[in-house]
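Report on one structure; see the data block that follows.
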2 protein chains.
Amino acid sequence: MSAVPVTSSVTPFTQALDMAPWSQNHLQRVEQALSQWVGTDAPAGLGDAMRYAVLDGGKRLRPLLVLAAHEAVCSSAPGPANADTATRQAMDDAALRAACAVELIHAYSLVHDDMPCMDNDVLRRGKPTVHVQFGEAQALLAGDALQAFAFELLTPDHSLIPASTQAALCRLLARAAGSAGMAGGQAIDLASVGVALTEAQLRQMHRLKTGALLQGSVLMGALCGQAQGAAYDALSDYGAAVGLAFQVVDDILDVVADSATLGKTAGKDAAADKPTYVSLLGLAPAQAYAQQLLAEAHAALARSGLPDTRALAALADMVVRRSH
Amino acid sequence: MSAVPVTSSVTPFTQALDMAPWSQNHLQRVEQALSQWVGTDAPAGLGDAMRYAVLDGGKRLRPLLVLAAHEAVCSSAPGPANADTATRQAMDDAALRAACAVELIHAYSLVHDDMPCMDNDVLRRGKPTVHVQFGEAQALLAGDALQAFAFELLTPDHSLIPASTQAALCRLLARAAGSAGMAGGQAIDLASVGVALTEAQLRQMHRLKTGALLQGSVLMGALCGQAQGAAYDALSDYGAAVGLAFQVVDDILDVVADSATLGKTAGKDAAADKPTYVSLLGLAPAQAYAQQLLAEAHAALARSGLPDTRALAALADMVVRRSH
């Protein structure tokens, strides 16, 4: 009897997940897919800039959140794990496309953020930024094309991915990226230089600027696993907590890390007189707040009712404990 | 008997369409919808820039193409014209959303095109360009947010618009806007300054840069009317011809019109040493080519089998005969 695998949908997995092979396997899938898809049908110069912006760099946190959320939902029955093979493959394809799409949105936002009229950064992921490498006009276009391509990836023709999934993924991504999400948060950021924000205002800025796309990643993965009801709501709470924790830690790292470790310019928030969690709360309370948000993320996973949320738990840990 | 309206789906409408009330009615719907939707949930500064970029300006050619194509298909049976009221209303809503979405993509491309790192234009539709009015950073963000919002508009939640229509509209728009469409054409444009292009290369550049979104507008309207087979193909040909004609006429107007009439800087292609149909073919042959494309557009409508394509025909005429 001891050789029979655990198949019950309600038995939680208590064994620790070895994240190294999990990450390696999933990162490889994402890198391969991005390399296969991005910029391949673009005119030469534009395609080069798009690929430079996206490939060979980044932690791929957002894609990993998509895939981990998808798998967490699939660990539950009834769900695609118990669906026929074609359906399961279609939803796996949807999750991989969603993983790449959120990364494209993230990558385009970095390209535009780094431009001289925004943060004027010359270093990103240890390499010259896109506008330094390809010129400002090409960087602007590459960012624009990456955003459009994210939605193209989500809507493949002649695919077994249900139209309802394709439409819902576009809806989630558009909201997470747009004026009520990432772009809106950046606009608040722009208007906040030298301004004393309350903690509520700072939280709102970060919820939009960084949190919306991180939470959106979790929700897109959950959608590909056809999560519903309490599980979807709990994953939404998890995404919100991780999204905010990410930014609190970013603020902390901007103060305590150096540029070489970060792969981007350190100390630039303070130099630019931008409000941060560290400037508002102080360093130690900001660190405590990050821990509190991590606990909230774990609590949300616990109440999701999903049997295997180990990858999501490990990603939350990684977000808070990272050094860059 | 004379009071009975013509209901046969195969009787062509031979009576000329009075375009003035048609345009006025449809423009009003588009303006109202854009005003209601754009920038209303954005942070203040961003929302202002988004609305400034979109409202109170432009010929709205792309939205009118969407609505005219939708109506042309609906003039045929079987189709949504004969569907139940709720379905017809849903598809009308889809067409209006598609009309606004293509205009948002067009508007964002103008905002980014006008920026100093691209064309560095200070005048658009007779007003200061967005970056002059709101600063470069806000212009960059407003363009980005407008693109995202186009896809949000196409994917309303709790809507009777079928998910298959929502997904297909996103697919068409993403392709028309991205690296194999508008953004790709702009990249070719960028690389073509001072370069001697062949006519085939110039045509390819314009097919992407301007043609893809104009053709996409027609196809999105056709999709909202559930056009299929020969009708869809004919409308695709119509869109391709109108799209290219638009750019040929743009090249002509850049030479023969003045800035006040154009509402933008005249003569800037020649000043920037950009290849155009006029520089390649000469003025009179370029004008003859525009007429040839207009004839192709009308021929495509004739073979569509659709009973009432008068609005599409009139829009093609308008594209070629416009003075700005």
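Please treat every number below as a calculation from the coordinates, not as lab data. Computed from a prediction, not measured in an experiment: that's the story for all the values here. Here the Cβ positions follow ideal geometry from the backbone for every residue, glycine too, while neighbour counts run over all protein chains shown.
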Which semi-axes, in whole Å and largest first, does the equivalent ellipsoid of chain B have when worked out from the alpha carbon gyration tensor as the square roots of 5 times its eigenvalues?
31, 25, 17
With θ set to phi - 60°, apply the Karplus curve 6.51 cos²θ - 1.76 cosθ + 1.60 along segment B:218-234 and write out the HN-Hα couplings as whole Hz, x wherever there is a Gly or Pro.
4, 5, 5, x, 4, 5, 5, x, 6, 5, 9, x, 4, 5, 4, 4, 5
In whole angstrom, how long is each semi-axis of the equivalent ellipsoid of segment A:105-185, when you take the square root of 5 times every eigenvalue of its Cα gyration tensor and sort them from largest down?
29, 14, 9
Output ³J(HN,Hα) for segment A:239-250: one whole-Hz value per residue in order, computed from phi by the Karplus curve 6.51 cos²θ - 1.76 cosθ + 1.60 with θ = phi - 60°, and x for Gly and Pro.
x, 5, 5, 5, x, 6, 4, 4, 6, 4, 5, 4
Provide a whole-number value for the mean count of partner chain Cβ atoms within 10 Å of the Cβ atoms in peptide B:59-69.
0
Would you kindly state how much longer the chain becomes between residue A:17 and residue A:198 on full extension, computed as 0.36 nm times their sequence separation minus their alpha carbon distance, in nm to one decimal?
61.2 nm
Quick one: if the Förster radius is 45 Å, what FRET efficiency do residue A:122 and residue B:127 give, using the C-beta to C-beta distance and rounding to 0.05?
0.85
Binning every alpha carbon pair distance of segment B:201-324 at 10 Å from zero, what are the percents per bin?
14, 43, 30, 12, 1
Could you work out, residue by residue across B:108-114, how many beta carbons of other chains sit within 10 Å of that residue's beta carbon, and then give the average as an integer?
2
Which whole number gives the average count of other chain Cβ atoms within 10 Å of the Cβ atoms across peptide A:131-140?
4
So what's the protein assembly as shown giving for Cα Rg divided by 2.2 N^0.38 Å, two decimals?
1.00
Which order do the peptides B:282-288, B:297-303, B:120-126 take when ranked by the mean count of other beta-carbon atoms within 10 Å per residue, highest first?
B:297-303, B:120-126, B:282-288
Under 16 Å between C-alpha atoms, the lysine pairs in the protein assembly as shown lying 8 or more places apart or on different chains count 8
